[in-house]
Amino acid sequence: MIQGIVQEAPNLIRMPTDVVEEISGHEKVTRVFGQWPSFHDAEILRAVLVRRPSFASLDLELTVHVLAQNSAAHTLVTLRFGKVKLDHFADFNHQNVIDDLAITRDETSVALFAVDIPANNGLDLTFTCDSIDVVDVREYGADERKADGSIYSGL
């Protein structure tokens with residue numbers, strides 16, 4: 001294992017441990033998955049933009065269905081990104097499977113993080129933000145997956 005890097009499957013993008021540790025509430029996610037997951041083939045079910053007039057900025061809240069790589073555990077992870085500057089938000093539709101959720105330090109602006117969420121199918125999203133919070137992590141049962149029309153409802 002490379003020191004300071006979170007590893008999962010060898011073919012997936014890895015996120016530096018120090019970046020993971022800057023995500024408020026990251027322990028809620030790592031408690032379930034054993035480490036920060038790659039979010040490869042995860043499905044974004046909800047994307048909510050909230051304006052913050054007092055800061056002249058936006059918050060973005062994403063609810064993501066994550067299926068662990070080495071288990072049948074279905075989990076909903078809700079993340080809130082604060083003081084977002086959207087660079088690209090396209091193709092949100094009935095099925096939003098992502099290739100990755102890559103978070104790096106933003107070296108080009110005053111924002112703390114650069115986030116890249118390339119589409120596998122549907123939503124393609126890039127932005128910078130000042131903060132990332134894990135709002136909720138919970139089991140995502142079969143009946144709820146079916147009612148939501150999740151691509152993984154049959155699993």
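Quick rundown of the values:
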read-out: Residues 125, 86 arranged by fewest to most Cβ contacts within 10 Å; value: 86, 125
read-out: Relative contact order for the chain, counting Cα pairs under 8 Å that sit 6 or more residues apart, in percent; value: 23 percent
read-out: Helix-derived mean residue ellipticity, 222 nm - over the chain, DSSP H n ≥ 4, -39500 (n - 2.57), to 500; value: -3000 deg cm²/dmol
read-out: For region 72-150, the Rg and Dmax computed from alpha carbons only, in angstrom; value: 14.2, 44
read-out: Cα-based Rg / Dmax (Å) for the chain; value: 15.1, 45
read-out: Using a Förster distance of 22 Å, the FRET efficiency for residue 126-residue 35 (Cβ separation, nearest 0.05); value: 0.35
read-out: Electrostatic dipole magnitude of the chain [Cβ: Lys, Arg +1; Asp, Glu -1; Cα centre; debye, to 20]; value: 280 debye
read-out: Under 13 Å, Cβ to Cβ, from residue 53 - net charge with Lys/Arg +1 and Asp/Glu -1; value: +2
read-out: Segment residue 146-residue 87, length gained on full extension (0.36 nm per residue, minus Cα span); value: 18.0 nm
read-out: Theoretical gain in end-to-end length, residue 139 to residue 27 [0.36 nm per residue, Cα-Cα removed]; value: 38.8 nm
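Values in this text are rule-based calculations from the coordinates and carry no lab data. Because the structure is predicted, anything quoted here is derived from the model rather than measured. Note that each Cβ is placed from the backbone with ideal geometry, even for glycine, and that neighbours are counted across all protein chains shown.
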